[in-house]
Amino acid sequence: MRSWMLACVFICTAGFGGAVWAKLDVVFFNPGAVDDSFWGDVDQLMLEAATTLDIKLEIIHSDRNHFKMITQLDELLASTKVLPNYVILVNEKQSAIKMLQALYSHPIYVQLILNDISIGERDVLLQDPHWQEYLLPAIIPDNYAIGSATAKGLMDDLEGKQAKVLLISGDKSTPASVLRTQGASDYFFMQPNATLTQTVYGQWSDAVAYGQALTLLNRYPDLNVIWTASDRMAIGVLKALKEKGLVSGKDVFVSTINTSPEILQLCRQHAVSIIGGGHFMAGALALVELQYYQQHKHYIPYDNVTLFGVLLPDSAFYQMLVARDWPQIFQSQILNKLPFKA
């Protein structure tokens, strides 16, 4: 297995016929904080990928402040140091268009991951010769599908009983949040034994979701299903349930998305019924694609890389996540599933 990885490293860092390609210089504008559960996992797997593929990678965090992220890009572009040849962005709270405007006059390739600009925005940009060259295809997990899949898991756990449902979304503008919530909402709407009480926005925060859950458990005393868009919000919900004397997994069923160590353990303990995850791999996959793009001017098909799925505690991938085994995750979940050809 290790020899396969080394072969892949050779393919990704040397051209066919023995030509050696320039080392990639990549800056990733991470909208989260260094210690965020999800965004920290994105960092760790990207760093593993950068080491394996011999890519120079700088990660700049904006601590969930998209205005700060825009300023950080402006500061990078105005600096005297040599600019990177690739930038990876996330359209956090619709910030990407402003960042693309700042990048317009620079010969820097742009890769969007996790949250893309709209189809209409991308179509307009691609009418410009600059963006025809420098705006690369996005790597976006299917947020609608995982919203629907985690909602289905909750209904399956109820085994046909009546469901009184609360949705705790992330925010109203981030595409991932909107699509996850829509997927869950549409699924619940189609179930004859489900009633959707309310959708609230927890701002990706355990403290906000905790307060919302306390209030709404009082408002809807028969609430028995709570769908959440992220692990931190689920943890806030579990705190509220405990204070109300309710048992998660028995009185109220909770689902979430993201794979922090704490939430993985809570799922093993059946406090969280359903977890969706895998999308933290998008950043590492982007680095592989950028390395390949530099050589061949097109992407490797990555249909076999599962960026989102419902995770089962007895699966090998789940065990890797518990162990935070980044080398094995990168190799088994990304490299082994790409069709490299020597």
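Are any of the residues in the stretch 286-295 assigned to a loop (DSSP other than H, G, I, E, B) and either open to solvent by 30 Å² or more (accessible area, probe 1.4 Å) or within 25 Å of Leu179 (Cα to Cα) (or both)? No; the residues of the stretch 286-295 include none that is assigned to a loop (DSSP other than H, G, I, E, B) and either open to solvent by 30 Å² or more (accessible area, probe 1.4 Å) or within 25 Å of Leu179 (Cα to Cα) (or both).
Inspect the stretch 121-130 for any residue being free of Cβ contacts under 8 Å to residues at least 12 places away in the same chain and hydrophobic (A, V, I, L, M, F, W, C) and give the result as yes or no. Yes - at least one qualifying residue is present in the stretch 121-130. Is it the case that the stretch 236-250 has a residue that's within 25 Å of Gly40 (Cβ to Cβ), open to solvent by 60 Å² or more (accessible area, probe 1.4 Å) and touching a residue at least 60 places away in the same chain (Cβ under 8 Å)? Looking for residues that are within 25 Å of Gly40 (Cβ to Cβ), open to solvent by 60 Å² or more (accessible area, probe 1.4 Å) and touching a residue at least 60 places away in the same chain (Cβ under 8 Å), one finds none in the stretch 236-250, hence no.
Within the stretch 283-297, residues that are touching a residue at least 40 places away in the same chain (Cβ under 8 Å) reach partners that are part of a helix (DSSP H, G or I) and of a type in the set (Phe, Trp, Tyr) with beta carbons closer than 7 Å, at six or more positions or on different chains, in the pairs Ala284/Phe330. Is it fair to say Tyr201 is free of Cβ contacts under 8 Å to residues at least 60 places away in the same chain and crowded, with 19+ Cβ neighbours inside 10 Å? Considered against the rule, which asks whether it is free of Cβ contacts under 8 Å to residues at least 60 places away in the same chain and crowded, with 19+ Cβ neighbours inside 10 Å, Tyr201 comes out as yes.
Of all the residues in the stretch 159-186, those that are surrounded by 23 or more Cβ atoms within 10 Å (Cβ to Cβ) and touching a Lys or Arg at 6+ places or on another chain (Cβ under 8 Å) number 3. Of everything in the stretch 268-285 that is under 24 Å from Asp156 (Cβ atoms) and open to solvent by less than 10 Å² (accessible area, probe 1.4 Å), the residue that is nearest to the chain's Cα centre (by Cα) is His279.
Among residues of the stretch 317-334 that are at positive phi, those with a beta-carbon under 9 Å from a residue that is in a helix (DSSP H, G or I) and not aliphatic (A, V, I, L, M) at least six positions away or on a different chain give the pairs Arg324/Asp41; Arg324/Gln44; Arg324/Pro261.
The values are calculated or read from the model by the stated rules, or taken from the named source; none is laboratory data. Keep in mind that what you see is a predicted model, and the values were worked out from it rather than measured. Note that we place each Cβ from the backbone using ideal geometry, even for glycine, and neighbour counts take in every protein chain shown. The area values use the complete protein model at the heavy-atom level, side chains included, leaving out ligands, DNA and RNA. Shrake-Rupley method; radii C 1.70, N 1.55, O 1.52, S 1.80 Å.
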